[in-house]
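Please treat every number below as a calculation from the coordinates, not as lab data. From a predicted model like this one, the values you see are computed outputs, not experimental measurements. Virtual Cβ from ideal backbone geometry, glycine too; neighbours counted across all protein chains shown.
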Amino acid sequence: MDLIWLIPLLPGLGAALNGLVGIRFFSKQTAGLVAVSTMAVAFVLSVVAFLGLLGLPADERYHEVTVASWIPPIPLETANGIGSFEVPWAFALDPLSGMMLLVVTGIGLLIHVYSVGYIAHEPRGGVARFFCYLNLFCFFMLTLVLGSSFLVMFVGWEGVGLCSYLLIGYWYRKQSASDAGKKAFIVNRIGDWGFILGIFLVFFTFGTLDFREVAEAAAGMPVEVGFGVLSLICLFLFIGATGKSAQIPLYVWLPDAMEGPTPVSALIHAATMVTAGVYMVCRNAVLFSHAPMVMEVVAWIGVLTAFMAATIGLVQTDIKRVLAYSTVSQLGYMFLATGVGAFAAGAFHLMTHAFFKALLFLGSGSVIHGMNEEQDMRRMGGLKAYMPTTFWTMAIGAVAIAGIPPLAGFFSKDEILYRTFLHSQALWGIGALTAVMTAFYMFRLINMTFLGRYRGPEWGHPAGGEAHDDGGHGHAWHGPHESPRTMTAPLMVLAVGAVFAGFIGVPAALGGSNVIEHFLEPSFTAFGAFHAAEEAHHLSHTAELGLMALSVLLAAGAILFAYRNYVQQPAAADEMARTFAGPHRVLTNKYYVDELYGATVVRGTMEGANGLWTVDQRVVDGAVNGAGWTTIFSSWVSHVLDKYVVDGLVNLVAWVCAEASYLFRRAQTGLIQNYAFATLLGVFAFVTWYLLAR
Amino acid sequence: MSNAADTPSLLSLILFTPLAGALVLLFVGKRQVDLIRWIANATAFLGFLVSLPLWFVYDSANPDWQFVEQMEWIPSIGAQYFLGVDGFSVLLVLLTTMMGVIAVLSSWNAIQTRVKEYYIFLLMLQTGMIGAFVSLDFLLFFLFWEVMLVPMYFLIGIWGSDNRLYSAIKFFLFTLVGSVIMLLGILAVYFYHQDVTGVYTFDITQFHELNIPSDLQWWIFLAFFLGFAVKVPMFPFHTWLPDAHTDAPMAAVLLKMGTYGFIRFSLPILPEATQAFVPAVVLLSIVGIVYGALVAMAQRDWKRLVAYSSVSHMGMVMLGMFALTPVGITGSIVQQLNHGISTGALFLLVGVVYERRHTRMIAEYGGLSKVMPVYAAIFLVMTMSSIGLPTLNGFIGEVLILQGIFVVNKTWAFFAASGIVLGAAYMLWLYQRTMFGTVDNPKNENLPDISAREFATFVPLLLLAVWIGLYPKPFLDRLETSVDKVMMRVNADYTPRFAIAAAGDADAQRLTVDAAAPGVEATGTLVLPDVPVRGGAR
Amino acid sequence: MLEITPLHYSLLSAALFMIGVIGVLVRRNVIIIFMSIELILNAVNINLVALSDQLQDLAGQVFVVFVIAVAAAEAAVGLGIIIAFYRNKETVNIDEIQIMRW
């Protein structure tokens, strides 16, 4: 377990190798091999570490490894006197991070394998670049998961954002892809704004950034009745989580992120990165459980996001977008769970969701691959015949997400709904409704894609894809076909996971012991000192079973409804769209949220930027230039003064002299006799005066 | 100053190596362009080599000035030739000499007219900068400070971009006005010192122990502020920057002059005024951060965009410094290095494409990832470094600064942190517009990727970016005592870490003595001395 | 017989002097003016001799000798100038010698 730092480092090495050397020199196979093998070793190490963790007694399952100093201690005042700002490169393994570790390395490995097939049509350097990014993503994601302090987690947090940016924009020549990448990064950064402020406040409040120390300190504080400092911390952290985990109001980037290659969508935008927000909230369960007001906010944001995304998902026609909204919706569920205090249920759903959503995304990737980059479900249909493996595995995924027992989704989702019911019936109502919609849109997807009549283009000539040509295959299309083995094998593995992953969390009402909850419990309880989660009341097992039965029935009903509408009577769906034309339009336009943000935030910023630039040129620089002009003007004034007043006076004197000289020079005849005569006169005058004065 | 004994006149050597190179260049015929280039590169590289001992020999545990050189200069007014470094100057001198190498190397093809004069000015500029960083005599500092103006004026005026004369004059006037007023401030300190002690001196170490009455501090602070804020440049004084950025790597260092001035002079000499001015300076810094970022977003010229991002980043630097917390000041210095590294690199990157296309309009580019992949990759790393992605250098600086300011005032931190969103927005948008998309402009289709020489200029910057990002400890260690010395001046209650360490040593020694003393039980259990682990109580 | 008194000498001298002055002022020929200057000098000489006799002081007569010598030198220089001038201007009319005019 002391080698857990190797787990993130290995994919990091793979990324470095592929990035520095691979893009130029590696063949496609070598690049893939490097990436897959580093992930495989990381997975093995994770399993070993996890087993090591299991070997410990339940209350000692915490193992921290400090690799090196990062930010050495610097004194800094905190709320409790002078503290020391210090962050080491330290990684911690506990039940929660252990579970995430397995999810990330396991699903990451599968998706790496899948990508080898998926990305095979790209040019050689592109493949290495792709694997470099993908490995880099795993490096950061594992750093996020294993980081033992807020700041190390933030490293991973930002890093996965970068990789998400790079991978969404992988086909960078496509405007929409680079737009989507940029949008993802910037929206995430808005969340990060909140997150980093939350981190600062954590340090200021507790004098440390280590998760464990913070949790222990927080556990000693009273549960806040009003809105205190813990609430503020949690709110800031939750803002970060809404960015990364695509919750209202920052969810808008995730659907656009589907511009990236499908394995990326599966890994980053379904299984791992987007769950980082949930993971972070769970990691700070002690903090959150001391801030009930924020918990309420989390629950409501979660359930509203779940509901809203599900409604949008009902009408989308792009196969990946349906899944994207479904992801948003399921993430909402997880936040609902954490919001009502069921952190274990949230984490459990996180894990099961990782399986079936990765499965669904990879399946959709397989479909898109087989359909020559076609993503519009209206041009699919009847694909079951062409790609059976994909169909069956995806169907398993859909059943799992719809919450039909005994597949994985049933247990985790039901646990959440049950705990929500205990907390608030209103939340439960919305949650249950969302579950129904989930079942409906998932089977709408399955039905439109695989069942019914084939509506796609004829083969032999290129498919009428919309501008997907840049990323497209280089070869002629021979009709829908099953994907290669490297792609279907991960599907099958994930399908197995989607079926069985739920059994680790069988609730007591069904005779299980909810292993996962007990396993994760120490992570949520300040490592042995937790006392807050007094379960107010339990329902009887019968009532719990009743709730389960109800939700299963509703889900089954929704599935049948979807079957009727999209397979038996395909016209019925259009009919319905016409009947509810108004709501339908609102939904297809995603509640116009993008337009709203575009008109307010984006436009506002851009106009503000342009406005300020004008200000900069006119006012600030204007002042400078104005000062310059004033100087020049005053110098001109001085010049005028100098020329006409000062110089004028001098010239006046000269002029007067010159004019006067015209008068007096008459005397200057040049004739000596005149001069002599004048002298004589003078002599006479003086003599006369002399004589008379006597 | 024990270690300095081994290297008696290292600072003078570092200081005058570039100048010597410039002198040699004077005697080379102007037609021998290649010879000139080789000499200039060799000089710059030599300058870097001789500065390297600073990194290794500098004793970060020693709070005194190191590598001190002191002799008479103008005895009649008490001016001395007085050099010495602390943690701040060590890092900044090293940054300068390294950037000097990069600047000279990157000019190889970029400069085709008046090559000889160009390199002479560049080397002179380097001497000026180093001189300002190592001077411990205020008049000597001012001399170097003004010496920098002249080569910079010509560098902008002759080799600048369009409208270069306007830019050069604007730069010159801006900084000259600032420094003249600063000189008044210097003289005020000088005469006040004479008043109190009866000694005429420009010795900064003496000034650092001066307690000037607060109303006089107030005026002197204003005078210094004007001089330094222009160089930083802080918000309302920034408009010379976008016009003046010609020689990118050196200009990126040039901005450090202002912030260095603040930390070396304003803070320790005028602690009371500094505290009084904190709200004003912080306000200007935050306005600078947000304003610079927003204006950067509106730019259509690549280089101006980077220049405005500089305004934003330097706002961050000032913010951290005026947090007046050890974390904030440390972050501020680190961020100065980061700014030198990442903004310097971004300017170089603009230079690379400018050399190929002779335009800096963003709209002229697009899709360069396709034609210049290595370039795009370097640009990506530097973009990320600039927007503060963790594991790269920018993050360390930003997080220290913001944490440093956060404990002082949460509202300030809230607004300042918005810079991380806006920074991402304008840089990524720039990246998208230049690197992504299809190659629409046929002129861009056959651009060659960066050459080995160009690549060589980026390698040290990339390495440093990663180094500071992953393991900033060596840098932070070197700053420790210097930050503490500044903190002791601005905050009388502050207990510096070196004092604690010394106390710890003393205690440890006492402990060993005690242990050796007879009568102590030799159980081997050591009772830890009562060392105050956290800083002084407040 | 009329006694010749110093007054007579003075009157003669004054008359000669006035004749000389008037000659200098009104004549146009440089030569005549020159001669008139000689008259003035001689009027002074008469005065000097008369007063020397009257006062029984030989210094006056010594002065006269000096004046005669200076007058001779002056005449030589003056005539030289006149000749030089005549060579240039072909005239000795003083009205045409006005090069000192403004």
Mind checking the angle between helix B:373-386 and chain B's longest principal axis? C-alpha axes, 0 to 90 degrees, to the nearest 10.
40
Please tell me the relative contact order of region B:252-398 in percent, rounded to the nearest whole number, where contacts are Cα pairs under 8 Å and at least six residues apart.
21
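Would you calculate, for chain B, the mean residue ellipticity at 222 nm contributed by helices, counting each DSSP H stretch of 4 or more residues as -39,500 (n - 2.57) and dividing by all residues, to the nearest 500?
On the way: 22 runs with 371 residues, N = 538.
About -23000 deg cm²/dmol.
Work out the length of the dipole vector of the protein assembly as shown about its Cα centre, built from +1 on the beta-carbon of each Lys and Arg and -1 on the beta-carbon of each Asp and Glu, and round it to the nearest 20 debye.
Rounded to the nearest 20 debye, it is 3840 debye.
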Roughly how many Å is it from the Cα centre of region C:73-101 to that of region A:667-694, as a whole number?
25
Using only the Cα atoms of the protein assembly as shown, what do you get for the radius of gyration and for Dmax, in Å?
46.4, 190
Averaged across orientations, what area in nm² does the convex hull of the alpha carbons in region A:1-155 project?
10.3
For the pairs A:LYS182/B:LYS256; B:LYS231/B:LYS473; A:LYS182/A:LYS413; A:LYS28/A:LYS357; A:LYS357/A:LYS413, note any where the Cα-Cα span goes beyond 25 Å.
A:LYS182/B:LYS256; B:LYS231/B:LYS473; A:LYS182/A:LYS413; A:LYS28/A:LYS357
Furthest towards positive pole of dipole, A:SER424, A:LEU235, A:VAL593, structure part chain A, Cβ charges:
A:VAL593
Relative contact order (percent) for region C:6-91, with alpha-carbon contacts under 8 angstrom and 6 or more residues of separation?
26
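Ignoring everything except DSSP H segments at least 4 long, calculate the 222 nm mean residue ellipticity for chain C; use -39,500 (n - 2.57) per segment, divide by total residues, nearest 500.
Mean residue ellipticity, 222 nm, calculated: -27000 deg cm²/dmol.
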Hey, if you put +1 on the Cβ of every Lys and Arg and -1 on every Asp and Glu Cβ in region B:212-371, which of B:MET321, B:LEU283, B:LEU368 ends up farthest toward the positive end of that dipole?
B:LEU368
Dipole magnitude of region C:6-91, debye to nearest 20 (Cβ charges: Lys/Arg +1, Asp/Glu -1, about Cα centre):
420
Apply the a/c threshold of 1.5 to the C-alpha gyration tensor of region B:222-268 and tell me whether it is rounded, prolate or oblate.
oblate
Using unit Cβ charges (K, R positive; D, E negative) and no other charged atoms, how large, in debye to the nearest 20, is the dipole of chain B about its Cα centre?
1900
Over chain B, with a single point scatterer placed on each C-alpha, what log10 of the ratio I(q)/I(0) does the Debye formula yield at q = 0.05, 0.08, 0.10, 0.13 1/Å?
-0.20, -0.51, -0.79, -1.31
If you add up the charges near B:GLY29, with Lys and Arg at +1 and Asp and Glu at -1, over every other residue whose beta carbon is less than 14 angstrom from its beta carbon, what do you get?
+3
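Taking the highest mean first, how do the peptides B:32-43, B:375-386 order by number of other beta carbon atoms within 10 angstrom per residue? Walk me through the numbers on the way to the answer.
On the way: B:32-43: 17.5, B:375-386: 23.2.
By packing density, highest mean first, the sequence is B:375-386, B:32-43.
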How about B:LYS30: which lysines have a C-alpha closer than 16 Å to its C-alpha, ignoring those fewer than 8 places off in the same chain?
B:LYS116
Positive-end residue, region C:6-91 charge dipole about Cα centroid, Cβ charges, pick of C:SER10, C:GLY23, C:ILE83
C:ILE83
On each of the three principal axes of the Cα atoms of region C:6-91, give max minus min coordinate, whole Å, ordered largest first.
50, 24, 9
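Per DSSP H run of n ≥ 4, the term is -39500 (n - 2.57); total these for chain A, divide by its residue number, and report the mean residue ellipticity at 222 nm rounded to 500 deg cm²/dmol. Spell out each step's value before the answer.
Numbers: 28 runs with 454 residues, N = 694.
Result for chain A, helices only: -21500 deg cm²/dmol.
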Under a cut-off of 25 Å between alpha-carbon atoms, report the lysines in cross-link reach of B:LYS443, not counting same-chain residues fewer than 8 places apart.
A:LYS174, B:LYS303, B:LYS370
Where the centre of each part is set by its Cα atoms, how far does region A:353-402 sit from region A:416-449, in angstrom?
21
Please check which bits of region B:142-181 a label hung off B:LYS443 would reach, taking the label as a point 7 Å along Cα-to-C-beta and the cut-off as backbone N under 18 Å.
B:161-163
For chain A, the longest principal axis of the Cα atoms and the Cα long axis of helix A:292-315 enclose an angle in degrees, to the nearest 10, of 80
Calculated SAXS-style log₁₀ I(q)/I(0) at q = 0.13, 0.18, 0.22, 0.25 Å⁻¹ - region A:186-265, Debye, Cα scatterers
-0.50, -0.77, -0.96, -1.11
On a 0 to 90 degree scale, rounded to 10, what angle separates helix A:95-118 from the longest Cα axis of chain A?
90
Between region A:629-660 and region A:57-102, what is the C-alpha centre distance in whole Å?
79
